[in-house]
Amino acid sequence: METALTPAVLASLAPDGQVMKAGQELANQRHWQTLGQDERAFWGECQGSALYRVCIDKLSLKTSCTCPSRKIPCKHSIGLLYLAMSSADTVPVAAPPEWVETWLKRRTAHRQGGDQPQAAQEDKGAALAMTPEGEPERQRRSQRRQQRMLRGLERFDLWLSDVLRNGLADLQGETLHQWEQEAAALDDAQLPGLASRLRALIAMPYSHHNWPESLLRQLGKLALLSEAFRYMERLEPELQEDVRQALGLPLQSEELLSRGERVRDYWLFLGQRVEQRDQLWQQRTWLLGRQTGRQALLLQYAPAGRPPTFTEHYPLGSEQEAELIFWPSAYPQRARLLEAISPAMPLGSSPGAASFAEFLATVAAALARQPWLERFLCVLSEATPICLDKGQHWYLRDRHEQALPLSRGPHWQLLALAGGHPVTFIGEWNGEELFPLAMISPTGGFQSLFSFKK
Amino acid sequence: MPMSRLRPLIHYALIGTRQEQPPPDIASAPFDRLVDELPATLSLERKLLLLAGSEAVYAVAGASTLPLGVTMAAAPPEKLPSCSWQAAALIQSALQQSRREQQVQALELVARHGRRLPFDLLPTLFEMLSNEGLSSQTVAALRPVLASLVGERGRWLARFHPAWHKVLISSLPATELSEQELSLLWQESSTPERLALLRQLRVYNRPLARQWLAEAWPKERLEQRLALLGTFEIGLEKADEVFLEKVRDQRSYHERRLAAALLVRLPSSACHRELLLVAQGLLQREERSEDGGVVHAVLPAAYSPAWRRFGIEQLGSSQENRAMWLQALISLVPPSFWEEQLQLSPASIIRLLECDWRSQVLAGLIQATLLHRATSWARALLSWLDPDQRQPLAEAEELLSCLEQPEAEQFLLHALASPEQPWSKRWLALLAKLPRPWSAAFGCSFIEYLQGRFQQLIQRSTQASSQVEPWELVEEWQQWEKGLKIASNALPEACFDFALQVLQPILPQKTQSYYVRNNIIPSFNAFLEDKAFLSNLLKELER
């Protein structure tokens, strides 16, 4: 049975290197008493200290194992996936035994009930469960909050102007400590989005040669954001949503479900990146719709301070028919995977813009609708990674010999995989540089470039 | 990239508007009009910030590319197939750990199976090899296989990274390097790398090897000089004589001695002729009717200054010094010389040797056998037992390397067969000298031996009542553990599965002994883990 499992998917599933290695060792038929699969699931019974039963839902890649391990997926699940990936006939097609059926039924019931845990992970702390309350109470609350935010913004604006008045040149130590305090004040004023954007700037002074310009731009964008909120009524309704989200006003799960735009397509899971933001790990997964050509960004969060584990696992380097729901926006980008309709399949033909000119035109069009977009998925076909000055400078060149800088390097992995040949490049564009996430080559297929050091 | 529109503003932002205010017309189109439209009550700073924000969005929306016409030749097509992704995943997990020996074995296995690494593992491998902390042993072990492991893509990639490039060219056959690369390597490499290069040159370009060595000679310290001199043994030829003769006049005894040891291996050399004249009569046969006769060693009566050029020092003229001259001379003479002189076989010469200086003569013969790689003498010296103590000769284990592999393995198996065998106690010393690769038959027999020995030791350990192991037993365990370590590196791949069948993981509860639980069991289990890993890799490579 054909499967879209790839080493990249497996690597992104395994919670750490140890589980991955142990899983590899279990990927041998002698450890398994039964093995089977149908169109919905893989299953098997693995002989460990006891006989463990493993089930894997093909649609969502959710795993279940009777072993006591706290690492999910456990080594048995990884072992089973590894086996399934190794060759088509190792895991035979069969009728599922009863224990598998029972689990699958529970899964289906769970899916119909909606994936609550994901919503919780998506809206870090913001998704306070809505208690049933009367409309007047809700309005009063919302007004109170609005007041608080405005007061917070007022203070912030004064501070921002002060920063400029005093100059950016001596932003170090104690001065930056004040930035921390300012971010905390924004949190108190229920503006966590703004606080997070401000915190992201604290590391910027003296981080690279062009920092004054980058910092000034970002401060300017914060000023624009607060300005937009003060004159919200002048904006179109969709853009108002963007301003609210950028400031950190959450969209409740119910609201998303009722107001979000649902898009069904064959979604290509093209790239993934994990970054620490504030006190959280943020995982960004980039999708591209084969038919609609739309890009989608799936976000997940995990607490910092330990290796991140995320609830949802996406089939990186594959495509899957699925329904996404997009957050309301003037340029909808952030989405949630609502329902997978069929199991993931290997990527078909390579997608991608033909030139940087074409890609940058779509960026400009997007910004014209939503100026606070921070990142864009860049998929460029026939792209060549270029390394100059013995690894000092890195560029990506399109077929017309036009180039954009890659993120501060090095990018040896990308160079090694491309070998000076044109490939399909997948990366994140932040307006200044391209961060490589993956690439597709005619010979090697899809290869993930970002791997979080687990 | 075009000049940023924000540039004029940055100056004021850096020093602060408190110190210097920008001119009123700092905004350029299309934002000049927008700034003008802002309420007059808005502070200057606020206006500048809003301008900067708009410019920021404007800049991203209007981002432009950079024409980049540099030509970069693409990597040529590969000659070897890549190993499967399953094998690659195993290699990757090995590279992530710090068990160097396992890494080396895994990588050698890939190369031996005519596979290369997939492209995505190349940076990891190069990074590991260019790490300054890596032992020169690991680098040396991987040198012969590196070029095939990294393939064409690796060669292409290394050109962009100076440290990787150096690692690569120091591993390539010297015949594939340009003159420039060769001299770069020779000038800038570490001593082990230079030696490796010189050894290669001794195979295919000896005139260049001689020229480089002669140029480097005056600048090097003694240790390096000796190492460089050692490379002459590869492809030793008549043309080397001139340089080596000069070395025979050096001040250092070690240099003179090494040069002489090289020259005596060239039958046409003057040094060889001189030596045979000096050697005449040092050993003499006395025929006796009753017991087949004896062989006497005759101490040189006086020191000849000419011996200085053989690396022999005078020191004094006591009996001990004279015996030392005797040993030094014998250690240079081709042993076959004595067979001709005395008309006896090596075994007979050793057996009939009868004199006060027998141990010196035997030590000299061992050295000479090693120098001239005389198989029949190695065989005779290894089998000879001291008539009084019934013990083999000290330091004779070195001679195992002079035997052909099957014979050397047989010799060792014989020693292992029973504790009554004279070499039985020194099995570990022999094992350490056994040349590699081992044959599969020997590897399997040795594994069986280890297992048998292990059972005995465990049994004796359980009998020992206290937790403290008796000292003799610890010593035996230590030997066993060292044997296991040697086997871990030398065991041929054909024995992996056999080893995994025969040796089973030990459960710690089997023994009370602290030593066994904390030293033996961990190293035993690590051995098994290692072999299981390599056996998995092997299956993936053979798939």
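The values are calculated or read from the model by the stated rules, or taken from the named source; none is laboratory data. Keep in mind that what you see is a predicted model, and the values were worked out from it rather than measured. Every residue, glycine among them, receives a Cβ derived from its backbone with ideal geometry; neighbour counts consider all protein chains shown.
Here are the numbers:
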quantity	calculated
Residue count, region B:391-426 (criterion: farther than 19 Å from B:Ile366 by Cα, in a helix (DSSP H, G or I) and either at pLDDT below 95 or not polar (S, T, N, Q) (or both))	9
Residues being over 18 Å from B:Ala260 (Cβ atoms) and of a type in the set (D, E, K, R) - total across region B:220-237	3
Which listed residue, of B:Ala56, B:Ala75, B:Ala88, B:Ala106, is over 30 Å from A:Ser448 (Cα atoms) and small (Gly, Ala, Ser)	B:Ala56
Residue within region B:279-299 that is crowded, with 16+ Cβ neighbours inside 10 Å and under 36 Å from the mean Cα position of the chain (by Cα) present	no
Restricting region B:1-16 to residues that are touching a helix residue (DSSP H, G or I) at 6+ places or on another chain (Cβ under 7 Å) and in a loop (DSSP other than H, G, I, E, B), the residue that is farthest from the other protein chains (Cβ to nearest Cβ)	B:Arg5
Subset tally (residues that are aromatic (Phe, Trp, Tyr) and within 27 Å of the chain's Cα centre (by Cα)) for region A:1-43	1
Candidates A:Gly293, A:Gly271 - the one that is assigned by TED's automatic domain parsing to the domain that holds A:Arg306 and either touching a residue at least 12 places away in the same chain (Cβ under 8 Å) or touching a Lys or Arg at 6+ places or on another chain (Cβ under 8 Å) (or both)	A:Gly271
Matching residues in region A:176-194 - criterion: being more than 12 Å from A:Met149 (Cα to Cα) and touching a helix residue (DSSP H, G or I) at 6+ places or on another chain (Cβ under 8 Å)	A:Leu176, A:Trp179, A:Glu180, A:Glu182, A:Ala183, A:Ala184
Positions within region B:38-50 being surrounded by 19 or more Cβ atoms within 10 Å (Cβ to Cβ) and more than 7 Å from every other protein chain (Cβ to nearest Cβ), in sequence order	B:Lys47
Residue match in region B:17-35 (condition: at the interface with chain A (Cβ under 7 Å from one of its Cβ atoms), in contact with a Lys or Arg (Cβ under 9 Å, 6 or more places away or on another chain), part of a helix (DSSP H, G or I) and buried (at least 18 other Cβ atoms within 10 Å of the Cβ))	no
Odd one out for A:Phe310, checked against (1) of a type in the set (A, V, I, L, M, F, W, C); (2) surrounded by 17 or more Cβ atoms within 10 Å (Cβ to Cβ); (3) over 17 Å from the mean Cα position of the chain (by Cα); (4) within 30 Å of A:Ser64 (Cα to Cα)	(3)
Only one of A:Gln29, A:Gln47, A:Gln37 that is at pLDDT below 85 and in contact with a helix residue (DSSP H, G or I) (Cβ under 8 Å, 6 or more places away or on another chain)	A:Gln29
Residues that are over 26 Å from the mean Cα position of the chain (by Cα), farther than 21 Å from B:Trp85 by Cβ and without any contact (Cβ under 8 Å) to a residue 12 or more places away in the chain, drawn from region A:70-109	A:Glu98, A:Glu101, A:Thr102, A:Lys105, A:Arg106, A:Ala109
Filter pass, A:Leu316 being part of a strand (DSSP E or B), crowded, with 18+ Cβ neighbours inside 10 Å and under 15 Å from the mean Cα position of the chain (by Cα)	no
Test: A:Gly167 is farther than 30 Å from A:Ser12 by Cβ, surrounded by 16 or more Cβ atoms within 10 Å (Cβ to Cβ) and at pLDDT 80 or above	yes
Residues that are free of Cβ contacts under 8 Å to residues at least 12 places away in the same chain and farther than 30 Å from B:Arg18 by Cα, drawn from region A:140-161	A:Arg140, A:Arg141, A:Ser142, A:Gln143, A:Arg144, A:Gln146, A:Gln147
Per-region count, region B:94-105, residues within 13 Å of another protein chain (Cβ to nearest Cβ) and assigned to a helix (DSSP H, G or I)	4
In region A:339-362, the residues that are surrounded by 21 or more Cβ atoms within 10 Å (Cβ to Cβ) and farther than 19 Å from A:Ile440 by Cα	A:Pro343, A:Leu360
Check on B:Trp307, aromatic (Phe, Trp, Tyr), in the same structural domain as B:Ala363 (by TED's automatic domain parsing) and closer than 29 Å to B:Val242 by Cβ	yes
A:Arg197 being touching a helix residue (DSSP H, G or I) at 6+ places or on another chain (Cβ under 9 Å), within 23 Å of A:Gln252 (Cα to Cα) and either within 14 Å of another protein chain (Cβ to nearest Cβ) or at pLDDT 95 or above (or both)	yes
Of the criteria (1) more than 19 Å from A:His313 (Cα to Cα); (2) free of Cβ contacts under 8 Å to residues at least 40 places away in the same chain; (3) outside any loop (DSSP other than H, G, I, E, B), which one A:Cys67 fails	(3)
Identity of the residue in region B:201-252, more than 27 Å from the chain's Cα centre (by Cα), of a type outside the set (D, E, K, R) and in a loop (DSSP other than H, G, I, E, B), that ends up surrounded by the fewest Cβ atoms within 10 Å (Cβ to Cβ)	B:Ser252
For A:Leu287: the one exception among (1) in a strand (DSSP E or B); (2) modelled with pLDDT under 95	(2)
Checking A:Gly419 against (1) facing chain B (nearest Cβ under 7 Å); (2) more than 20 Å from B:Leu66 (Cβ to Cβ); (3) surrounded by fewer than 18 Cβ atoms within 10 Å (Cβ to Cβ), the condition it does not meet	(3)
Near pairs, Cβ below 6 angstrom, 6+ apart or cross-chain, from region B:61-82 (more than 7 Å from chain A (Cβ to nearest Cβ) and farther than 30 Å from A:Pro371 by Cα) to any residue that is of a type in the set (Asp, Glu) and surrounded by 10 or more Cβ atoms within 10 Å (Cβ to Cβ)	B:Pro76/B:Glu152; B:Glu78/B:Glu152
Residue count, region A:387-409 (criterion: more than 7 Å from chain B (Cβ to nearest Cβ) and assigned to a loop (DSSP other than H, G, I, E, B))	8
Members of region A:1-59 found to be more than 14 Å from chain B (Cβ to nearest Cβ), touching a Gly at 6+ places or on another chain (Cβ under 8 Å) and among the β-branched types (Val, Ile, Thr), listed by number	A:Thr34, A:Val54
Criterion (surrounded by fewer than 19 Cβ atoms within 10 Å (Cβ to Cβ), closer than 30 Å to A:Gln218 by Cα and touching a Ser or Thr at 6+ places or on another chain (Cβ under 7 Å)) met by exactly one of A:Glu233, A:Glu238	A:Glu238
